[in-house]
Structures are given as structure tokens and as C-alpha cells.
Amino acid sequence: MSGNNIIGEAAIRAGCRFYAGYPITPQNELTEYMAEHIRNEEGGVFIQSESEIAAINMIAGASAAGLRVMTSSSSPGISLKQEGISSMAACELPGIIVNIMRGGPGLGNIRPSQGDYFQATRGGGHGDYRTIVLAPASGQELADLTMTAFDLADKYRTPAMILADGMMGQMMEPVIFKKPKPRQYSEKFMLRGAGTGKSKFIRGLLLDPIDSEAHNWKLARKYEVITKNETRFEEHRIDDADMVIVAYGTAARIAKGAIKRLRDQGMKVGLFRPITLWPFPELKLRALSAKVKNFLVFEMSTGQMLEDVRLALQGYADIEFHGRPGGAVPTPAELANVIAKIYDKKD
Amino acid sequence: MIVKTIFSGFGGQGVLMMGISLANSAMNKGYHVTYLPAYGAEMRGGTANCTVAVGDEEIASPVASEPDYLIVMNSPSLFSFQNKVSSGGTIFINSSIIDARPNRQDVKTICVPCADMALELGNSRVANIIMMGAFIKKSDVVSPEIYLKCLETIMGSRKKALAEINRKAFAVGFDYIKD
């Protein structure tokens, strides 16, 4: 299955019952898949909305009504959704936003890119908030992390983002769908008509600064808990490494190919792959700098995760950077040459 | 063992279908496999190519630095990709419409006039399957039986009428290659 279809199938299996989206390459297969498959015996609503902005607000509404919800788009469309994402964070509404990144800025092009890292990990919209960001690097992980994203969004009542790129979205790989966990989400957060009971409110507008400040600190404490409990990463051939590549998603796959080549030539290179981009696996990376002193950050951008790596390593190790922005995808051989040059210099 | 193949041509020539059918049949045989398409915004007449990696170990990168096989269905594809092919690799050329030949001495070249052969069969659209016949015979990535069975599954019930012509086309391409 293609990556886009894998996300769709995993979402439906995880109990996603409401999807709204507006077409944009390279994520169209996902919208198409949801159109065809979300309606099943348990219900399910698909809406091709009039715009990206409408889609994010529709899923916010459906989330408030208690459904598992998802929307998807690609870079320019995700920019349009930011107001809604900020609003969902403020209202503590769970929901999944899928960003299949393409070349930017502006309309850019339709080739794979990783230029939306800042937007995804820094909140993206206005206000003091964060979004959980998961970065899958294989067909299998697209399936697993989509299910995880729904669980995390519910658990912390916050929007979560799947951040992949055009290559992850369109590439096909074999996949085995795991059994999703049963949903745990209290009815007290759902607006389904008060009847004769007490009325409930979900709102992001808090005019009194005292209330608003308290709400902001409440969200901040929640983000601290997420940071403490939900950091995920993969280490690959790191035990004897003299040099570690830090890369996520598609870039990490290319890096793995490069590392295989370099290992064949006797160079001890490993990979550190953040799976959660927010929360960033900062402590783990810092701990690694106790034994490895040379790091190379590789991104399909001009250097965004690079800043998080600098913050994590705090000057304890040397950091080099290689980037291919704007939809360019390097081959493993090209990256291997870059790494080898730096490796030899350090030797 | 990891075998990487790039299929390339115009949008509309069935280039992506060639890759999808190879990837699926290799998956059915139990191999690790990745299929990576790249195509322009236009459906027909634009550029289209895909990379298929098949291996008995985990495939690190779906992007191929040096493919073992290159299948080109139009001239621009030959110029774009011939220099990427690994030394000792093989280039399959749709010689019905490509006059140029690779400018490298360290690769094998196999010319298959698949567009003309398809016209002889009465359906210009099966040129890609004829080429797949030649490719499967030479590369031996999967058996012809597995490939054909898989092709039928991918084509689905809507295109059952095409199954027969596809089978014929595959056989013509397969037999075109003499050992």
C-alpha cells in the first residue's frame, strides 16, 4: 500500500469516524482513500470541504461532539489550518492533522521536502501551545504511529500531527496492521446535548487575563508531562559509532542507506532518529554526547531540526549540517560522500 | 541481495504500473520491497518514473544511488538516468521510439521494440507489459507465473478483458529475449 493509503486505513481501524479535507498533491491518495472507506457499519463521515480552513474547523466541531477525527493536507494547506490547530489546542480538543510535506516556501512544488519542521514543532499557530508531532519513516511506522497519534491525542486532549513528506506518502511498502487499543476518552469532554443535565462549555476565548493565564499554565504543565512521558526515538548502529547522523523521516531512510555504504568501507557511523519531533528526544541525544563527539544533522531543508540538536547538545559535541531543501532528494551515495569527507577530516 | 530498478518514461506509458506490478509480485514472493514513484503534475505526456527495490534483507533507502536495472520507455529518460546505472548493470530500451543508445561501455543494453510489438498485437497500450516480459526473463527477480498472477490481481475485475491481452503481451516480451 502507498503511505497515504496506509495512514487512511490505520486511522479507520483506530476508530476515526470523521474526516474532512481539501485536495492537494502529494497527499491526495489519503483523501481519496477516506472518501471510499470511512463509511462502514459503525458510521463514518467524509467531507470534501470547500477549503483547508473549513476542514480543520469541521474536525474541531466533530471532535467536540466526541468523535475520533482527522484532516490531512500538504504544506501550503497546513499553513491555512494553523488558526484551527491553535484553537483546538486552546479548547483541548483531540484530533489528527496529517502533513505530507512538499517543497516550499509558498506554493513551492510537489516534491518531497522537510521544510515544515519549525511550523510543526513550534505550534505553528498563535499562542502558547505545542502540538505532538510524530515522524514516521516506513510504511509500517505510518500505520503504527497513526494509531499512536489517536491514542496520544485522546490521552492528553490535544491535537497531534503526523509529519511525513511526499516520499513517505507516495512510496509503497508492505505493512501489517496491528490491533488498535480500545479508545479511552471520557464522555464528560463530549458535547452531545445536555438534555436535562448541566450544560457544558468548550471554548478558547478567555477574556479575563487571570483565567487565561491559569489556562495557559495548565496547558504548559500538560506539555511538560507529554515531554516527560512520550518521547520516542530510534538508534541504529550506534554502539561503536565515532560519528552519529541525526535525521528523521525520509532523510533517515536515505541516511540508513548511506550508513550501510560507509560501514562497508569501515567507517563507524550510526544514526539517531527522532520519532517524536515534539517532544524532541533532547535528553537522550545529550546523553549520547558523552561517548560520541561528532554529529551530522541531515535534513531535506536548510536546517531546522538542527536548532533542536544544538539545544540538546549544548556545545558538548561538534555539529555539522547537510541539507537539501525545496523538494530535492539526495541519493544515499551522495550523502555517503558528504559524511565520508567530514568523517575523514575528524579522524 | 538487494536489486534496484528504475522505470522511466512519459506519463501514460504505464511506467508506474510496471513498477507497481514488480513490487507487488516481489512482495508476494516474500521479499522486502519498496516502490517509490515520482511524477509531474500532469497526467499524460509529463515525466514519470519509479524506483523499485527488492531484497531478502531490510531495505534501508528506497532511493537508489546506483540501480542495477534501468528501463527507459522514451528518449529523455535514457539521458536522465543512464549515468546512474551501476557498472555492469543493464539498460532496457524501448527501441521503437528511442534512436539513441547509452554512451557507456560498462553496461549491457537490451533493445526491445515493445511499442511496435504492441501494435502488432493490436493494442498499443500493452507495450509496458511486453517490456516487463523481457525484463522478468532477463532479471529473474520473480517467476513469470508469480508476476502474471499478481498482474491480474492488480488489474482487478474491472479490466478482466485485459487479462488475456496482457498475458499474450508478457509472453511476447518474455520470448523475445534469447539466453
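A few notes on this one:
- With an a/c value of 1.5 or above and a/b larger than b/c for the gyration tensor axes a ≥ b ≥ c computed over the alpha-carbon atoms, chain A is described as prolate.
- Residue order, fewest to most surrounding Cβ atoms within 10 angstrom, among B:ILE136, A:ILE6: B:ILE136, A:ILE6
- Gyration tensor verdict on chain B (Cα atoms; rounded if a/c is under 1.5, prolate if a/b is larger than b/c, oblate otherwise): rounded
- Percentage relative contact order, chain B, counting C-alpha pairs under 8 Å, at least six apart: 20
- Folded to 0 to 90 degrees: helix A:52-64 orientation relative to chain A principal axis, Cα: 60
- Cα-centre dipole for the protein assembly as shown with unit charges at Cβ (Lys and Arg positive, Asp and Glu negative), debye to 20: 600
- Listed residues A:GLY95, A:GLY204, A:GLY104, most fluctuating in chain A (Gaussian network, C-alpha, under 10 Å): A:GLY204
- Neighbour counts of other Cβ atoms within 10 Å put A:ARG273, B:ARG104, A:ARG324 in the fewest-to-most order B:ARG104, A:ARG324, A:ARG273.
- In this calculation the C-beta distance from B:GLU57 to A:VAL338 is compared with R0 = 22 Å, giving a FRET efficiency of 0.35.
- Here the range A:234-346 is treated as an ellipsoid with the same Cα gyration tensor; its semi-axes, largest first and in whole Å, are 19, 17, 12.
- Positive minus negative residues near A:ALA251 (Lys, Arg vs Asp, Glu; Cβ under 11 Å): +2
- For chain A, the antiparallel share of DSSP beta bridges with both residues in that region comes to about 20%.
- Normalised contact order of the range A:231-280, rounded percent, pairs of Cα under 8 Å and 6 or more residues apart: 57
- Other protein chain Cβ atoms within 10 Å, averaged over every residue that makes up A:169-180: 4
- The fewest-to-most ranking of B:ARG44, A:ARG122 by surrounding Cβ atoms within 10 Å reads B:ARG44, A:ARG122.
- When the C-alpha to C-alpha distance is required to be over 19 Å, the pairs from A:LYS260/B:LYS4; B:LYS108/B:LYS137; A:LYS228/A:LYS256; B:LYS29/B:LYS108; A:LYS256/A:LYS341; B:LYS4/B:LYS108 that qualify are A:LYS228/A:LYS256; B:LYS29/B:LYS108.
- Based on C-alpha pairs under 8 angstrom that are at least 6 apart in sequence, the range A:234-346 has a relative contact order of 30 percent.
- Looking at the range A:12-58, the pairs of alpha carbons with a distance over 15 Å make up 41% of the total.
- Proximal lysines to A:LYS198, defined as alpha-carbon separation beneath 29 angstrom and excluding residues fewer than eight positions away on the same chain: A:LYS155, A:LYS188, A:LYS218, A:LYS222
No lab work stands behind these numbers, since they all come straight from the coordinates. Everything numeric in this text was worked out from a predicted model, so none of it was measured. In this analysis, Cβ positions are derived from the backbone assuming ideal geometry, glycine residues included, and neighbour counts consider all displayed protein chains.
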